[in-house]
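Data block below; observations after.
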Amino acid sequence: MYRYDDYDRAMVRQRSAQFRDQVKRRLAGNLSEAEFRPLRLMNGLYLQLHAYMLRVAVPYGTLSARQMRALADIARRFDKGYGHFTTRQNIQYNWPALTDVPEILDCLAEVEMHAIQTSGNCIRNISADPFAGVAADEAADPRPYCEILRQYSTLHPEFSFLPRKFKFAFSGASNDRAAVAFHDVGIRLVRNDAGAVGFSILVGGGMGRTPMIGKLLRPWLEKRHLLSYVEAIMRVYNQFGRRDNMFKARIKILVHELGIEAFRQRVEAVWDDIRDSGLVLTEAEIARVSAHFTAPDYPELADNPESLRRQLAENAAFAQWHRTNVVAHKVPGHAIVMLSLKSAKAPPGDVTDEQMETIADLSEDFGSGEIRTTYQQNLVLPDVRQDRLFDLWRKLAKAGLASPNIGTLTDIICCPGLDYCNLANATSIPVAMEIIRKFRDVDFVHDLGDLRLNMSGCINACGHHHAGHIGILGVDKKGAEFYQITLGGSPADGASIGRIIGPAFPRDQVVPAVEALLGLYLEKRDSAAESFLDTYRRIGPAPFKERLYDPH
């Protein structure tokens, strides 16, 4: 993974020192809250319903064991003993005291982390496929290009005050695991007919009150033009993006109002002026950054060893976990392991300080000392030997991290909602927990197969409800919490936006509504192999609506 150089270290230290002085002035009353607000947001510090919240960047979702231990220490010393992993692949602390935040930033700097550009109208944390570099279906590793773009965009003077926040996502695999179509700019690494690696660029995707699927801006871009082409996109957005209405300020609105062809023409015109400037990305620079992402020295191992086959045959619980939480690795004899942060005991995405320390230890004992975060609010150990999976599973189970539910109904994406967020209209965590507890039967959940249920507490869609096979959105009706259900969303290839199925339900009817939807799916699917999404797309919304609103 990438390590800071002298410039990185100096920049982060300077920013931490600057914020320490800003906090001191705020506490002394020399800065009003209105004056302090833009300063704290530039350092990832929000003021929520009950306390401050600090959002820490995890670039392209990659952490070292050392960094995870530091995050555990911060949770224990400065918060309530846990952190919350988000759909941006970051981690948030929900209860830091303002007086402690400068020291937290110093602790982060010690392990090459920060909170810069995790909020505000700037280029936010760049996200990526959590299996990058190890996926069996990968054309090329996107992480070096994520890092190059991170270095380019951090504190970029032209892009530090954009019309609105801006999000990039990268994927280098044939299967999209980064939801690139739901980002302001989605970048996929692809190979042309000659086998050369380049980029396919999508633009104008996003969720929120106006969800949109990204449109293909350029099907092929040479590697050397990545920065100049991105800059052309950003310049067009910076110049023409709406600044008079925050609800229409995202690039998706600009692309929609201009049309993709007119937007493309503007980008290409700007690009013609800068494409051969100093922004040309040389092979030497690519090689320099790529050197930070070399693969571990994998031993030669047989794939699917006899010991693993025996353990799977003899232990049904291990077999269930293996079926949902273990993914094919590009190197024979190895596996990618998903650690579920979804259980009946804690809100989705929450991890205790003790669990973080356990994860750090296990990443070193069973892998390369690296941990990945996912936008589904789970974690990944990217390099585990297949002949050690059983021992890893037992240790994960002891730590409460072995829920066998990745990609199933109870692997719920959920925002903090009204428990924390002052933008929320309704609670989301308690409802998500009710759903998880209701459908505890592992066999039933596994029989449902691939099923994504996402939940947001407001229209800002931090819980990605638009992209859920089943989406739940909390709404306020004259002071009462109601929940609107959408069906048919998907973040994967062939991305789609969920369709509102009918009037919102009061809170006590949400779980029965989900139960009714599942019952109809089981009745209507043409085989056990047909997923909920495929059944919905085949039969349409009418039968689901009838089951929900006219069950008799």
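Read the figures in this text as sums done on the coordinates, not as results from a lab. Note that this is a predicted model, so its numbers are computed, not measured. Backbone-built Cβ (ideal geometry, glycine too); neighbour counts: all protein chains shown.
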Review point. Using +1 on the beta carbon of Lys and Arg, -1 on that of Asp and Glu, and nothing else charged, what's the dipole of the range 163-210 about the Cα centre, debye to 20?
Key: 260
Practice item. Two decimals is fine: what is log10 I(q)/I(0) at q = 0.22, 0.25 Å⁻¹ for the range 101-194, from a Debye sum with one equal scatterer on every Cα and no solvent? Key: -1.10, -1.22
Exercise for review: Over the range 413-549, calculate the relative contact order: mean separation of alpha carbon pairs under 8 Å at least 6 apart, over the residue count, as a percent.
Suggested key: 19
Exercise for review: Filter the chymotrypsin sites (Phe, Trp or Tyr not before Pro) in the range 137-233 down to the DSSP loop ones having no more than 15 other Cβ atoms within 10 Å, then list what survives.
Suggested key: Phe161
Practice item. Provide the three semi-axes, in whole Å and in decreasing order, of the ellipsoid equivalent to the range 6-110 as defined by the square roots of 5 times the Cα gyration tensor eigenvalues. Key: 22, 17, 12
Check your understanding: Roughly how large, in nm² to one decimal, is the mean projection of the convex hull of the alpha-carbon atoms in the range 228-303?
Key -> 9.5
Point to revise | Value of Rg/Rh across the range 413-549 [Cα atoms, Kirkwood radius] | key: 0.95
Point to revise | Among beta bridges that DSSP assigns inside the chain, antiparallel share in %, nearest 5 | key: 80
Point to revise | Neighbour cut-off at most 15 other Cβ (10 Å), DSSP loop, trypsin sites (Lys or Arg not before Pro), the range 13-85 | key: Lys80
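Please get the size of the charge dipole for the range 188-262, origin at its Cα centre, with Cβ charges of +1 on Lys and Arg and -1 on Asp and Glu, quoted in debye to the nearest 20.
My answer is approximately 240 debye.
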Check your understanding: For all pairs of alpha-carbon atoms in the chain, what percent lies in each bin of width 20 Å, listed from the first bin to the last filled one?
Key -> 21, 57, 22, 0
Revision key, fill the gap. A student asked for the Cα radius of gyration and Dmax of the range 377-417 in angstrom ought to give 12.4, 41
Check your understanding: Between Gln239 and Leu423, what is the FRET efficiency for a Förster distance of 41 Å, r being their Cβ-Cβ separation, to the nearest 0.05?
Key -> 0.90
Check your understanding: Using Cα pairs under 8 angstrom and six or more residues apart, how large is the relative contact order of the chain, in percent?
Key -> 12
Review point. Projected onto the charge dipole of the chain (+1 at Lys/Arg Cβ, -1 at Asp/Glu Cβ, origin at the Cα centre), which of Gly29, Thr118, Ile336 gives the Cα projection farthest towards the positive end?
Key: Gly29
Practice item. Give the relative contact order (percent, whole number) for the range 373-461; include only Cα pairs under 8 Å separated by 6+ residues. Key: 32
Review point. Based solely on its DSSP helices, what 222 nm [θ] is calculated for the chain when runs of n ≥ 4 H residues each add -39,500 (n - 2.57) and the sum is averaged over all residues, nearest 500 deg cm²/dmol?
Key: -11000 deg cm²/dmol
Review point. By residue number, which cysteines of the chain lack any other Cys whose Cβ falls under 4.7 Å from their Cβ?
Key: Cys107, Cys122, Cys146, Cys414, Cys421, Cys458
Exercise for review: Compute the projected area of the convex hull of the Cα atoms of the range 134-292, averaged over all viewing directions, and report it in nm² to one decimal place.
Suggested key: 9.7
Check your understanding: If you bin the C-alpha pair distances of the range 313-398 every 5 Å from 0, what whole percents do you get?
Key -> 3, 13, 26, 28, 20, 8, 2, 0
Practice item. Treat every Asp and Glu Cβ in the range 77-161 as -1 and every Lys and Arg Cβ as +1, leave all other atoms uncharged, and give the resulting dipole magnitude about the Cα centre to the nearest 20 debye. Key: 280
